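Reviewing the structure listed below.
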Amino acid sequence: MAEAGGITTESVAGDRARAARTMLDQVVLPGEELLLPEQEDAEGPGGAGERPLRLNAGTRSRGRVVCGPGLRRSGDRLLVTKCGRLRHKEPGGGSSGGGVYWVDSQQKRYVPVKGDHVIGIVTAKSGDIFKVDVGGSEPASLSYLAFEGATKRNRPNVQVGDLIYGQFVVANKDMEPEMVCIDSCGRASGMGVIGQDGLLFKVTLGLIRKLLAPDCEILQEVGKLYPLEIVFGMNGRIWVKAKTIQQTLILANILEACEHMTADQRKQIFSRLAES
């Protein structure tokens, strides 16, 4: 009976653990445990093979593994916390093993992440701090000194209701998210208050990541239709401005509809608009 119980426990654990290299670009479910090929030197026969992903393997590990959205570290294991497709990015510098693993999911609610560039709406001013709505569970704080060239005498002209394009410097579950509109060199680099004209609309987080991909053809086709200004926020907000209101609305409708279109359908729409 003891042997039968041991076999059952081992088979259940084996069913939960799945090889990450065979699950890339496939759907994973919350609670699954990821396995990677052996990255350490084999010690004797049977040393190589699939093993649970160890994030603190020490100096013996050939590559560093970074957990992205949808994955959580539990001891020396990597567990899936969201339903979606498993993605992997190889590390830079030509090193072998490791890299970044994350789950690409259609999440509607934005969770602030350090370094993300987002579009926020100023909702209140409290002393020297602006409260900015970024679509998360709580507003982010923005100091008046977090603008290029801002001093105590030269304050930025920011009013309640203005659109702000900035990035997070503090974002974790135990602290209030904090935004800035300057880079590490103190320059704006395109961040700051967005113009009064234009249209702000919200899309899914998956569409934002798709539009910001280096090989995205949608933006190339959209840029050929009309001259435009466009700002993407990782929190699912897009600000677009064209010469006329009609062109602005057309561009917004195209970007919203492109998420569920095939490449052939997009080509047909773009060709019709180009002819008109």
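Tabulated data
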quantity	calculated
Pair list, Cβ under 7 Å, 6 or more apart: the stretch 189-201 residue open to solvent by less than 50 Å² (accessible area, probe 1.4 Å), other residue modelled with pLDDT of 95 or more and of a type in the set (Phe, Trp, Tyr)	MET191/TYR165; GLY192/TYR165; ILE194/TYR165; ILE194/TRP239; GLY198/TRP239
Pair list, Cβ < 7 Å and 6+ apart or interchain, from the stretch 160-180 residues that are assigned by the TED database to the domain that holds PRO139 to residues that are modelled with pLDDT of 95 or more and among the basic types (Lys, Arg)	none
Some residue of the stretch 146-162 being loosely packed, with under 15 Cβ neighbours inside 10 Å and among the small types (Gly, Ala, Ser)	yes
Residues (open to solvent by 40 Å² or more (accessible area, probe 1.4 Å) and in contact with a Gly (Cβ under 9 Å, 6 or more places away or on another chain)) located in the stretch 166-181	VAL169
Test for GLY115: is it small (Gly, Ala, Ser), loosely packed, with under 15 Cβ neighbours inside 10 Å, at pLDDT 80 or above and assigned to a loop (DSSP other than H, G, I, E, B)	yes
Verdict on GLY120 being within 29 Å of VAL203 (Cα to Cα) and outside any strand (DSSP E or B)	no
Residue that is under 23 Å from the mean Cα position of the chain (by Cα) and open to solvent by 70 Å² or more (accessible area, probe 1.4 Å), where the choices are SER126, SER141, SER105, SER184	SER184
Residues of the stretch 68-112 satisfying the condition of being among the hydrophobic types (A, V, I, L, M, F, W, C) and at pLDDT 80 or above	LEU71, LEU79, VAL80, CYS83, LEU86, VAL100, TRP102, VAL103, VAL111
Sole exception among (1) touching a Lys or Arg at 6+ places or on another chain (Cβ under 9 Å); (2) open to solvent by 30 Å² or more (accessible area, probe 1.4 Å); (3) at pLDDT below 90 for CYS258, by number	(2)
Matching residues in the stretch 159-210 - criterion: being touching a Cys at 6+ places or on another chain (Cβ under 9 Å), modelled with pLDDT under 90 and of a type in the set (A, V, I, L, M)	LEU207
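The values are calculated or read from the model by the stated rules, or taken from the named source; none is laboratory data. Note that the coordinates shown come from a computational prediction; the quantities given were computed from them, not determined experimentally. Note: ideal-geometry Cβ built from the backbone for every residue, glycine included; neighbour counts use all protein chains shown. All accessible areas refer to the heavy atoms of the entire protein, side chains included, with ligands and DNA or RNA removed. Shrake-Rupley method; radii C 1.70, N 1.55, O 1.52, S 1.80 Å.
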